[in-house]
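Just so it is clear, none of the values below were taken in a lab; they were calculated from the coordinates. The model shown is predicted, which means the values in this text are computed figures rather than measured ones. Note: ideal-geometry Cβ built from the backbone for every residue, glycine included; neighbour counts use all protein chains shown.
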Amino acid sequence: MNTEEIVAKIFSRSWPSADELASFALERHGFGEDGGYHGVSYPGDLDDLDRANGNTIARGMVELSYWDGEIKEVLIPEQLYLQLLATHLEQQDFNQLARKIREFCASCLAG
C-alpha cells in the first residue's frame with residue numbers, strides 16, 4: 001500500500017471531521033481510532049513511556065497508523081501529509097480549510 005492509499009484510508013473515516021482534521025494538523029496534534037487501526041501521530045504526541053519503549057518520530061515527520069491485515073505504521077514528511085490533507089479537503093469542497101493547510105505548510109517550509 002502506498003502513502004496516498006494509506007492517507008486516503010485514514011481520511012475516509014467518519015471521525016475526525018474535515019474541521020477536526022484541519023485543526024489537528026494546524027496544532028500538530030495527532031488522532032487515532034479507539035482500536036488504533038487508523039491515525040496520525042506527531043512527535044509531540046509521544047509521552048515518556050513511548051520514548052522509553054524506543055518509539056520516536058523525528059521532527060518534521062508524522063507517523064501514519066493503518067490496518068493492512070495487521071496494524072502497521074509508516075513515517076512520512078509532515079509537508080507531504082499536509083499537501084495530501086489539503087488535496088483531500090479540496091476534493092471535499094472544503095476550500096477554505098485547504099487554503100489554511102497550504103498556508104501553514106508554506107510557513108513551515110519558510111521557518
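Taking 0.36 nm per residue of separation and subtracting the current Cα-Cα distance, fully stretching the chain between Trp67 and Gln83 would add 3.5 nm. Here the label points at Thr3 and Glu103, each 7 Å from Cα along the C-beta direction, are separated by 2.5 nm in the simple model.
Under a Gaussian network description of the chain, with springs only between Cα atoms under 10 Å, the residue in Leu75, Leu84, Leu49 that fluctuates furthest is Leu49.
Using C-alpha pairs below 8 Å separated by at least 6 residues, the relative contact order for the chain is 22 percent. Screening the chain for whole DSSP H helices of 18 Å or more along their axis (Cα) with average Kyte-Doolittle hydropathy at least 0.0 returns 95-110. In the chain, helices alone account for a calculated mean residue ellipticity at 222 nm of -14500 deg cm²/dmol, with every DSSP H run of four or more residues adding -39,500 (n - 2.57). Legend: translational diffusion of the chain by Stokes-Einstein, Rh = Kirkwood radius over C-alpha pairs, 10 °C, 1.306 mPa s; D = 112 µm²/s.
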